[in-house]
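The values are calculated or read from the model by the stated rules, or taken from the named source; none is laboratory data. Quick caveat: nothing in here was measured; it's all calculated off a predicted structure. Note: ideal-geometry Cβ built from the backbone for every residue, glycine included; neighbour counts use all protein chains shown. Protein only, heavy atoms only, side chains kept; ligands, DNA and RNA dropped before computing areas. Shrake-Rupley method; radii C 1.70, N 1.55, O 1.52, S 1.80 Å.
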Amino acid sequence: MEDETAASAPAAGRDVVVRPVARVVGGRADVVDDEWGSVLAVIRLDGGRFTPEALSGLEDFSHLEVVFHFDRVAPERVESGARHPRGNTDWPLVGIFAQRGKNRPNRLGVSRCRLVKVDGLDIHVSGLDAVDGSPVLDIKPYMAEFGPIGEVRQPAWSAEIMREYY
């Protein structure tokens, strides 16, 4: 008998379609690489699909993980191979999956930000590195237990690129 999980899995090559659950309101209007730490913004849930009940209990958390779409990246700017992060030739040529640049194949961003408050359908945050109008695909409370297990290892260039990010 066929495994139920395999039977219900989408066929290879089938597109995945997602609808935004929210939009970023405020914060930065322009895409800028650094100094996101003090940026205040609102994640406004789609009132046509959700009620404030969807956010019940979220205020008990200090931080969120937010998945959003880099909707301002034109499809022709998407990278699929290797490049120098931020175009800086002082940093090594690395594959798009070995960096966190916005010109990713699916143009998805993942951000961890501080939760300031929840007000109705509005989630007030600081340090979210998504610009005004960005479609938000998912919101999750950050839990320490979902952080990395064991020592984190990363190349020196990645610490250098992040020095002024927040």
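Is it the case, given these coordinates, that Asp90 is open to solvent by 70 Å² or more (accessible area, probe 1.4 Å), modelled with pLDDT of 95 or more, farther than 20 Å from Arg28 by Cα and more than 14 Å from the chain's Cα centre (by Cα)? Taking the combined requirement at face value, the residue does not satisfy it. When region 114-155 is filtered for residues that are β-branched (Val, Ile, Thr) and surrounded by 16 or more Cβ atoms within 10 Å (Cβ to Cβ), the ones remaining, listed by number, are Val116, Val118, Ile123, Val125, Val131, Val136, Ile139. From the residues in region 65-87 that are β-branched (Val, Ile, Thr) and more than 25 Å from Gly147 (Cβ to Cβ), which one is surrounded by the most Cβ atoms within 10 Å (Cβ to Cβ)? Among residues in region 65-87 that are β-branched (Val, Ile, Thr) and more than 25 Å from Gly147 (Cβ to Cβ), the one surrounded by the most Cβ atoms within 10 Å (Cβ to Cβ) is Val73.
Here Gln99 meets each of (1) open to solvent by less than 60 Å² (accessible area, probe 1.4 Å); (2) at pLDDT 95 or above; (3) under 17 Å from the mean Cα position of the chain (by Cα) with one exception, condition (2).
Pairs meeting the criteria (first residue in region 78-96 and on the phi < 0 side of the Ramachandran plot, second residue open to solvent by less than 40 Å² (accessible area, probe 1.4 Å) and assigned to a helix (DSSP H, G or I), beta carbons under 6 Å, at least 6 apart or on different chains) are Glu79/Ile96; Pro85/Ile161; Trp91/Pro85; Trp91/Trp157.
To keep it simple, each residue is scored yes or no on (1) over 15 Å from Leu115 (Cα atoms); (2) modelled with pLDDT under 95; (3) out of contact with any helix residue (DSSP H, G or I) (no Cβ under 8 Å at 6 or more places or on another chain).
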| site | (1), (2), (3) |
| --- | --- |
| Glu2 | yes, yes, yes |
| Thr5 | yes, yes, yes |
| Ser8 | yes, yes, yes |
| Val16 | yes, yes, yes |
| Gly37 | no, yes, yes |
| Phe50 | yes, no, yes |
| Leu55 | no, no, yes |
| Val73 | yes, yes, yes |
| Ala82 | yes, yes, no |
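Could you tell me whether Gly109 is part of a strand (DSSP E or B) and surrounded by 16 or more Cβ atoms within 10 Å (Cβ to Cβ)? So Gly109 passes the test. Of everything in region 71-106, what is part of a loop (DSSP other than H, G, I, E, B) and touching a Gly at 6+ places or on another chain (Cβ under 8 Å)? Give them in sequence order. Within region 71-106, Asp71, Glu79, Gly81, Lys102 meet the criteria.
Let's see how each residue does on (1) charged (D, E, K, R); (2) touching a residue at least 24 places away in the same chain (Cβ under 8 Å):
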residue	(1), (2)
His124	no, yes
Val131	no, yes
Asp138	yes, yes
Glu145	yes, no
Ile149	no, no
Ile161	no, yes
Glu164	yes, yes
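Checking Ser158, Ser56, Ser62 one by one, the residue that is surrounded by 14 or more Cβ atoms within 10 Å (Cβ to Cβ) and small (Gly, Ala, Ser) is Ser158 and no other.
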